[in-house]
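**Student:** Pasting a structure here, questions to come.
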Amino acid sequence: MRLREETTLSGIEMAAILISTVIGVAILPFPLFAVRGAGTGAGMLTLMAIGITLIGLLSVIALGLRFPGQSIIQYGAQIIGRPAAAMLNALLIVFYIVLTASAAREFGTVVVTSVLKQTPIEATVIIMLLIAAISARKDLRTFANIHLFYTPIILMPVLLIVCLSFQNAEPLYLLPIFDHTPQILSSLLTITAMFQGFFIITLLIPHMRQQSKAWVSGLSGLGVAGALYLLIITSTVAVFGAEEVKELLYPTLELAKATNLPANIMERLDAAFISVWVTAVFTTLFSNYYFAVHALKQWLGTRDHRLFVFFLLPFLMLIAMLPENVLQMYEGIALIARGGFVLTVLCPVLLLAIAVIRGKRGAADAH
Amino acid sequence: MSNDKLQTSPNLNPEQLLARYAGESCPASLSQLLEIVRLIMGSSDDLVIRTFYIYGRYEAVMLYINSLVNQQITDQQLQSFMTLPEWLSGTDKLGPEALKQTLLNKTVHLSEITVVSRMGDLINMLLNGKTIVAVEGLGEAFKFGARKIEQRAIEQPQTEQVVQGAREGFIEQLHTNLSLLRYRLPTPSFRILICEVGEYTKTSVAICYMEGIADPKLVSEAENRIRAIRLDGVLDAGYIEQFIEDHHYSPFPQVMNTEKPDKAVANLLEGRIVILTDGSPFALIIPAVFGQFFQTTEDYATRFLQGSFVRMARVIALVFSLVFPSLYVAIISFNPELIPTEFAVAVAGGRAGVPFPSFVEVLIMEISMEVLREASIRLPQQVGGALSIVGVLVVGQSAVAAGFASPITVVVIALTTIGSFATPAYNAAFALRMLRFPLILIAGMLGVYGVVIGLILIANHLLTIKSFGMPYLSPAVPVHFRGWRDFLIRAPLWILKKKPSYRQSRRYEDKEEGTA
C-alpha cells in the first residue's frame, strides 16, 4: 500500500497555473509587436487582447461547468458529434504540439542572440524541451505544485524590475493613449496569442475541488497575468518612448538592462531578468506539453499519458528547427497566433452557443 | 559444564536447526531438552547449564548466557527455587502442575516471570538474556529477565549541540531510549509498537506514535515497510532509513534523524512517527519534509523573535551553500557586467595571476574543502586543531599567494562552506553540498542560464518527491497558510498552541479552511 491522496486542485493553484502558463516567452519581444501595431496605443491594444481572451476564457469555463468532469476533448463529441469533434481534437493537439515547439524555438533564439552567443540553438532548445518533457511525465499533483511554486518566483522579480524602471519613466511618452495605425488588427491577434495558455483550464476544471471556483480562479489568473503584461508595456513605452521601442528587438530585456538596483548591488538586471524569464518559459512549455500529452491520452482513451511524452519529443524538436531564421520564425508565430485565435477563442464560443441551442449538458453527477 | 556429548548435525546450520525445533513444545524430560539446546547452541562457552533440585527434591536445570545476565539476580533466584519453604511439608510429593503453581504464586520472588512452552521461544529468550528454568516432567519452562548489558551514560549529543534546551541524548539501548521518551509523555496516547528486524541480529525496532494525533494509515504504512525489510543484520537506524524511504535515488533525505529525546517528543506531538532502533542512538522521524531540516528544538525554546531570526539566517545559509559558488562562476565568466564596476575591477585584479578559468578554480577549491572537511572529521581532536591551521593557511593564504586562486574565490568558498555547516541537519546539508558540484559545472558551461536550468531541475525534483505521502515542500507547496506560521518563521507559541503544523498539512486536501 502506498499513501496516496486524491488529486484535487484548489482555487489558488488553478489561478497560479493560469498565471505562470500565460506569462511566457512572449514577455521579451511583445512590446515591440504592440508598439509596431498601435504606437503609443500599445497599452490599449494589450487591454483589447485581454478582453478578447476573456471571451474565450469565460466560454471555456462555462463549457467546463456545463459538462462537469469533462474536458473539451471529451465533451466536444456530445456537442457537435463524433466526426467533427475528432477533427477539432486533432487540430487542438496538433496546435498544441506546434505551440510548444514554437515557444521552445523562440526561447532558443532569444538565448542565442542575447545571452549565449556561441552556443548552437539546437542545444538550448533541446535542453528546454527535455526539462519540460521530464516534468510532463509527472502527475497532476506535481503539475500543480510546480506552477504554484514558480508563480511568485516569476511575478516578484518582474514586478520589481518594472517598479524600479519607473524612476526613468517619462509619462508624456504614453500619450496619446489611442494612436491610429493601420496594422492594428493583425497585431491584435499576435498580442492575443500571448494569452492562449489560458486554454489549459479546460483540462483542469474537472479536477477542481470546487468547480464553481473556476470563475474566480480563471478571472484572477488572467487578471494578474494581464496586469503584468500591461505594466510591462506601460513601463517600456514610458521609459523608451514608442519610436525607440520600434528599434529594439527585445524591449523588455532592454528595460532590465537600463534598470539598476538601489545601493549598487547589481549594475544591471538583464541577466537576472533572463533567469526569471527562463523559469517563465519553462512553466509555459511545461503546460503546453502537458496539454498535448493529456489531450492525446484523453482522445485515444489510454490510461497513461507518459508514453506520449518521449514519443512527441522528436517531433517537437523537428518542428522547432523548421524555421531557417528569426524572420521566418516570427512569420510562423504570427500564423500560429491566427490558428490559436480560432481554436481557443472562436471554437469555445461556438461550442457554447451550439450547446446552449441544442440544450446539451453533461451528467450532473459525473464528478 | 562439559559439552563433549554434543550431537552435531553436519547438514543443518544453527539457524535451520532452530527453525526446525521452533514449533516443538518443550520435552518433559530434562535430558531431551538439554540435548536439543546443545544441538542448537553448540559449544558456546558462555552458555551456563546449571542442574539443581527444587526444594531439594525435584530435578531442575537453570540455563542462561553469562555474558548477558546479571549474576547477582540469578544467584538470588536460584536460592528462592532451592529453599524449601517452612509451610511446605517435608514429605508431600507435588505433581508437576501443582509444583508450577506453587513456584509461580508462592515461592519465587519475581514480578516478571512467565512460562514458555515452545522450544523456539525458549532459545530466543535465552539468546535475549533471559534466564530459563526447566523442571523434570513439566513440559514447560520458566523464564525471567535478569539481563545486564553494559551501556554508556546519557550524554549531550555531539551532532546536535544546543545553547538553550534539553541536553539529554539517546544512547544505544532501546529500553533506555524508550524510557527517555516515556517520562516526557506520561499519557496513554503514547504508543509503542516493537518489530524485530534482521535475520541474525534480530534487532528490535520500536515504532512510537501518539494515538489520536498520528495518522493511523501512516502508522500501518511504517509498520508494513519495516516488517518488509529482509536483511541479515541491522546495526544502525540508518539501515532502516534506507529501506523505508520513498525515493532511494534522491539526494535529499526523506527521513529525519535526531539524537535528542525532546526533539523526538516534539515531533510525536506534531503527529509524526518516531522509529527507534536497538543499538543506535539515532531516532528516525517520519514523514520528514524539507522545512524540518532547518528547524531545531531550540527555535521553540527561545523567544519567538529570536527563533524566527535564527531560522531565517539558516535558510539564507542553506541557499548560499547551494548557489553561491555556481552563481560566482556564472557571473565571472559569462556576465561580469552584472557586478558594479569598481568591484569588477577588484575581481579582475585578484584574478590577474590565476591561469585557470574560474569554474576550474572554484571546483579545485571546493574539492580541497571537501577533502579538508572529511579529514578533520576523522581525525582525533588533538590533531584536528593542527589540521585546521594547516588548512586555513594552505587553502586561504598560500593558494592566493601562489597564484592558484583569487582572493574573491577564497571568500566565496569560505562563505559556502560555513553556510553548509549552518544547517542543523547534517544529511540535508550534505544533499545541497553534493548538488553544488553539478551546478558549478553547468554554470561553467552555460552561465546564468545554466544555473537557472540546474535550479529548475532541483526544484522540480523537490516538488515531485514525497515522504510517506507528504509533499516534500509542504507547507509551502501545496499552499497551506496555517503551516506557514511554523515554517520559515516560528510564530509565538500561543498562536501555535497545539503544534498543528504537520497534522493540519496532512489534511491539506480535505480542509478548505486556510487554503484560500
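The values are calculated or read from the model by the stated rules, or taken from the named source; none is laboratory data. Treat the numbers as computed from the prediction; the structure is a model and nothing was measured. Positions of Cβ are backbone-derived with ideal geometry, glycine not excepted, and every protein chain shown enters the neighbour counts.
**Student:** Write out, first by first residue and then by second, each pair whose Cβ atoms fall under 6 Å of each other, whose residues are 6+ apart or on separate chains, and whose first residue, in the stretch B:427-454, is on the phi > 0 side of the Ramachandran plot while the second is among the hydrophobic types (A, V, I, L, M, F, W, C) and crowded, with 22+ Cβ neighbours inside 10 Å.
**Tutor:** What qualifies is B:G447/B:A330; B:G447/B:F334.
**Student:** Follow-up. Looking at this structure, is B:V315 within 19 Å of B:Y426 (Cα to Cα) and within 14 Å of another protein chain (Cβ to nearest Cβ)?
**Tutor:** No, not satisfied.
**Student:** In the stretch A:28-44, what residues are buried (at least 24 other Cβ atoms within 10 Å of the Cβ), assigned to a helix (DSSP H, G or I) and hydrophobic (A, V, I, L, M, F, W, C)?
**Tutor:** Selection gives A:F30, A:F33, A:A34, A:V35, A:A38, A:A42.
**Student:** Further question: Got a sec? Which of B:G137, B:G169 is in contact with a Pro (Cβ under 9 Å, 6 or more places away or on another chain) and assigned by TED's automatic domain parsing to the domain that holds B:V115?
**Tutor:** B:G137
**Student:** Now, a different point. I need a count of the residues in the stretch B:107-117 that are touching a helix residue (DSSP H, G or I) at 6+ places or on another chain (Cβ under 9 Å) and closer than 20 Å to B:M41 by Cβ.
**Tutor:** Result for the stretch B:107-117: 1.
**Student:** I've got another one for you. In the stretch A:277-323, how many are at pLDDT 90 or above and within 14 Å of chain B (Cβ to nearest Cβ)?
**Tutor:** Going through the stretch A:277-323 one residue at a time, the tally reaches 13.
**Student:** Output the residues belonging to the stretch B:319-346 that are of a type in the set (F, W, Y), in contact with a helix residue (DSSP H, G or I) (Cβ under 8 Å, 6 or more places away or on another chain) and within 12 Å of another protein chain (Cβ to nearest Cβ). Break it down into steps so the answer makes sense when it comes.
**Tutor:** Applying the first criterion (of a type in the set (F, W, Y)) to the stretch B:319-346 yields B:320, B:324, B:328, B:334, B:343.
Imposing the further condition that a residue be in contact with a helix residue (DSSP H, G or I) (Cβ under 8 Å, 6 or more places away or on another chain) reduces the set to B:320, B:324, B:328, B:334.
Scanning the stretch B:319-346 gives a single hit, B:F334.
**Student:** In the stretch B:429-485, which residues are among the aliphatic types (A, V, I, L, M) and touching a Lys or Arg at 6+ places or on another chain (Cβ under 8 Å)?
**Tutor:** B:M470
**Student:** I've got another one for you. Please give the number of the condition B:I149 fails out of (1) more than 30 Å from B:I65 (Cα to Cα); (2) among the aliphatic types (A, V, I, L, M); (3) more than 14 Å from every other protein chain (Cβ to nearest Cβ).
**Tutor:** That leaves (1) as the condition not met.
**Student:** Give the residues of the stretch A:104-124 that are of a type in the set (S, T, Y) and in contact with a Leu (Cβ under 9 Å, 6 or more places away or on another chain), sorted by residue number.
**Tutor:** The answer is A:T113, A:S114, A:T119, A:T124.
**Student:** Let me ask another. Within the stretch A:70-178, which helices (runs of 4 or more DSSP H) (wholly inside it) include 3 or more residues that are free of Cβ contacts under 8 Å to residues at least 24 places away in the same chain?
**Tutor:** Numbers: elements: A:72-80, A:82-114, A:121-136, A:140-165.
Passing ranges, in order: A:82-114, A:121-136, A:140-165.
**Student:** Condition first: acidic (D, E) and surrounded by 17 or more Cβ atoms within 10 Å (Cβ to Cβ). Now tell me which residues in the stretch A:163-221 satisfy that.
**Tutor:** Selection gives A:D179 alone.
**Student:** Among the residues of the stretch A:136-189, which ones are within 14 Å of chain B (Cβ to nearest Cβ) and of a type in the set (D, E, K, R)?
**Tutor:** Result: A:R137, A:K138, A:D139, A:R141.
**Student:** Oh, and also: Give the residue that is farthest from the chain's Cα centre (by Cα), with candidates limited to residues of the stretch B:454-472 that are within 22 Å of B:I442 (Cβ to Cβ) and facing chain A (nearest Cβ under 7 Å). Can you show your working first?
**Tutor:** Just the residues of the stretch B:454-472 that are within 22 Å of B:I442 (Cβ to Cβ), to begin with: B:454-465.
From what is left, the residues that are facing chain A (nearest Cβ under 7 Å) are B:456-457, B:459-460, B:463-464.
Numbers: B:I456: 32, B:L457: 30, B:A459: 27, B:N460: 28, B:L463: 26, B:T464: 25 Å.
Here the answer is B:I456.
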